[in-house]
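Encoded as structure tokens, the structure appears first; notes follow it.
The values are calculated or read from the model by the stated rules, or taken from the named source; none is laboratory data. This structure is a prediction, so every number in the text was calculated from the model and none was measured. Because the Cβ atoms are built from the backbone with ideal geometry, glycine has one as well, and the counts that use them run over all protein chains shown. Surface areas here come from the heavy atoms of the whole protein model, side chains and all, with no ligands, DNA or RNA. Shrake-Rupley method; radii C 1.70, N 1.55, O 1.52, S 1.80 Å.
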Amino acid sequence: MAIWNLGSINIDVVYRLPHLPAPGETLAATKVTRGLGGKGANMSVAAARAAARVAHIGAVGADGGWAVDRLMEYGVDVRHVARLSGETGHAIIAVDDAGENNIILYSGANRTLADDMIAGALSSADHGDTLLMQNETNGQTEAAKIASQLGLKVVYAAAPFDADSVRVVMPYLDMLVLNAVEAAQLSDSLGAELGDLHISQIVVTRGADGCDHYDNIRKTKVHYPSVKVDPVDTTGAGDTFTGYLVAGLDRDLPTAQAIKLAMTAAAIMVTRHGTADVIPDLKDIEDFKLG
């Protein structure tokens, strides 16, 4: 099977700081790096490194050719990445000494995808493939409709969180992935508990507290404890988790095994500085378990 990821591609500029800046505060960075990022690109790389076949649907501007080349180097099919005349999306990321971050996003080309381009890409998908999406591109509702009609499994990572964006794609979702803050916001917005939503599978990540899996068909909720590590940078950890989770499910791993694999990958990720370029592969995970 294959994963079709309608996702963002960003240029990440990461600044290391002694602490995250307060309003009006000026801080001197101790280090700056530039690399491939965006929730979509991160998830594509993670899924590819988890041995899934991944095709990315997205766009870059005139300054983003190197980002497409980098995705291809990581084993991602980039035939459905458009090269447009505007600017590639980018993110300004501040990371403090405790590994916490804040992020400023500029969408750029990520929000200029044509519906016919998305439809054309998905026309190559097979029944049983997976459509993965996040909230950093346009075209999500149309893509979800098409994927559902074609018999694809539809997975939505609800970040950056917007309740209305979740609401319009909910009828097409097979799985929703969100963090604890987003889960609380969604429940408040809908006036319903996660276990009562008409979505078959919901996974809530809780950082150092692990994650919860709601199986709304069987009406069960299972908690998975986190893999304990000393974090240095939490950027991209959630994306790594989601990419590995979807890849595991695409490879027909049992849900519990896919979640544990994803949690291990995310744990390794927070011990590294960077985003897409430092996402672990399966050998890293095997070495981590042996260690």
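Which order do peptides 273-280, 115-122 fall in by mean Cβ count within 10 Å, highest first? Show your work: numbers first, answer last.
Working: 273-280: 22.5, 115-122: 16.6.
Put in order of decreasing packing, that is 273-280, 115-122.
Over the stretch 193-255, Cα pairs under 8 Å with separation of 6+ residues give a relative contact order of 21 percent. When a/c is below 1.5 the answer is rounded, else prolate if a/b is larger than b/c, else oblate, so apply that to the stretch 76-232 with a ≥ b ≥ c taken from the square roots of the Cα gyration tensor eigenvalues. Here the stretch 76-232 falls in the oblate category.
May I ask what percent, to the nearest 5, of DSSP beta bridges between residues of the chain are antiparallel?
Details: 23 of 56 bridges.
Once the DSSP bridges in the chain are tallied, antiparallel ones form about 40 percent.
Take 182-189, 282-289 and order them by the average number of nearby Cβ atoms within 10 Å per residue, most first; the result is 182-189, 282-289.
Within 10 Å of each candidate Cβ there may be at most 16 other Cβ atoms; applying that plus a DSSP loop requirement, which trypsin sites (Lys or Arg not before Pro) in the stretch 124-215 survive?
Numbers: sites: 145, 153, 167, 206; in loops: 206.
Those that pass, being in a loop and sparsely packed, are 206.
In the chain, helices alone account for a calculated mean residue ellipticity at 222 nm of -9500 deg cm²/dmol, with every DSSP H run of four or more residues adding -39,500 (n - 2.57). The dipole here belongs to the chain: it is taken about the Cα centre, uses +1 on the Cβ of Lys and Arg and -1 on the Cβ of Asp and Glu, and is about 420 debye. A 1.4 Å probe run over the stretch 146-202, with the rest of the protein chains in place, finds 43 Å² accessible per residue.
Note: relative contact order over the chain, using C-alpha pairs below 8 Å and six or more positions apart, is 20 percent. Here the spin labels are modelled as points 7 Å beyond Cα on the Cα-Cβ line, and at residue 73 and residue 115 they lie 3.8 nm apart. By DSSP, the beta bridges lying fully in the stretch 45-142 are antiparallel in about 55 percent of cases. The residues of the stretch 37-90 have, on average, 37 Å² of accessible surface per residue, using a 1.4 Å probe with all protein chains present.
Length gain on complete extension for the stretch residue 209 to residue 190, per 0.36 nm per residue less the alpha carbon to alpha carbon distance?
Details: separation 19, 0.36 × 19 = 6.84 nm, distance 2.48 nm.
Length difference between fully extended and current span is 4.4 nm.
With protein chains left intact and a 1.4 Å probe, residues in the stretch 215-291 average 47 Å² of accessible area per residue. Surface composition of the chain: carbon and sulfur make up 52 percent of the accessible area, probe 1.4 Å.
Cross-link list 153/219; 145/283; 221/283; 39/228; 153/228: which exceed 28 angstrom alpha carbon to alpha carbon? If you can, show how the numbers build up before the last one.
Values: 153/219 20 Å; 145/283 36 Å; 221/283 31 Å; 39/228 24 Å; 153/228 31 Å.
Over 28 Å apart, Cα to Cα: 145/283; 221/283; 153/228.
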